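For reference, the structure discussed in these notes is given below.
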Amino acid sequence: MASGFQLIVFPVSDAARGKALFQTLLGVEPYVDQPYYVGFRVGDQEIGLDPNGHKQGQTGPIGYHDVEDIHKAVAALVDAGAEVQRQPGDVGGGKLIAWVRDPDGNVIGLAQSPA
């Protein structure tokens, strides 16, 4: 399993406007361009735009750390002082994500890829 934050998702209020800005910034076309998500790959990094992020409580970019067992990872982080912000849930194709907030208020995303 890769370590570090492989995905950073930005909430956007207008997917088309966000897509144009990030295409200019990153210099690449999106590899996913759907009404619910626009995704760019730059090397091993994925940059995502979520037009529903604000509605789900996302107030800024969230970095996602890949984990093998999202439920165990959430429980371990809660034991270490984090607070669950978004329970693990499927966002499509069997990919699970969750959000926790650390004691300083930073939101950390967790992602589990399908087996």
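Rounded to the nearest 20, the size of the Cβ-charge dipole of the chain about its Cα centre is 300 debye, with Lys and Arg at +1 and Asp and Glu at -1. Each of GLY60, ALA82, GLY109 was scored by the projection of its Cα onto the charge dipole of the chain, and the greatest displacement toward the positive side belongs to GLY60; charges sit on the C-beta of Lys, Arg, Asp and Glu. Of all DSSP beta bridges in the chain, what percent run antiparallel (nearest 5)? If we restrict to bridges inside the chain, about 75 percent are antiparallel.
Annotation: the residues SER3, SER13, sorted from fewest to most other C-beta atoms within 10 Å of their own C-beta, follow the order SER3, SER13.
Listed by chain and number, the lysines placed with their C-alpha closer than 22 angstrom to that of LYS55 are LYS19, LYS95; residues fewer than eight positions away on the same chain are left out.
Each residue of the stretch 1-63 gets 92 Å³ once the volume of the Cα convex hull is shared out per residue. Placing +1 on the Cβ of every Lys and Arg and -1 on the Cβ of every Asp and Glu, with nothing else charged, gives the stretch 67-115 a dipole about its Cα centre of roughly 160 debye. Look at HIS54, HIS65 and count the other Cβ atoms within 10 Å of each Cβ; fewest to most, that gives HIS54, HIS65.
Bear in mind these aren't lab numbers, they're just calculated from the coordinates by the rules spelled out. Owing to the predicted nature of the structure, the values given are computational and were not obtained by experimental measurement. Cβ coordinates were reconstructed from backbone atoms using ideal geometry, including for glycine residues, and neighbour counts include every protein chain displayed.
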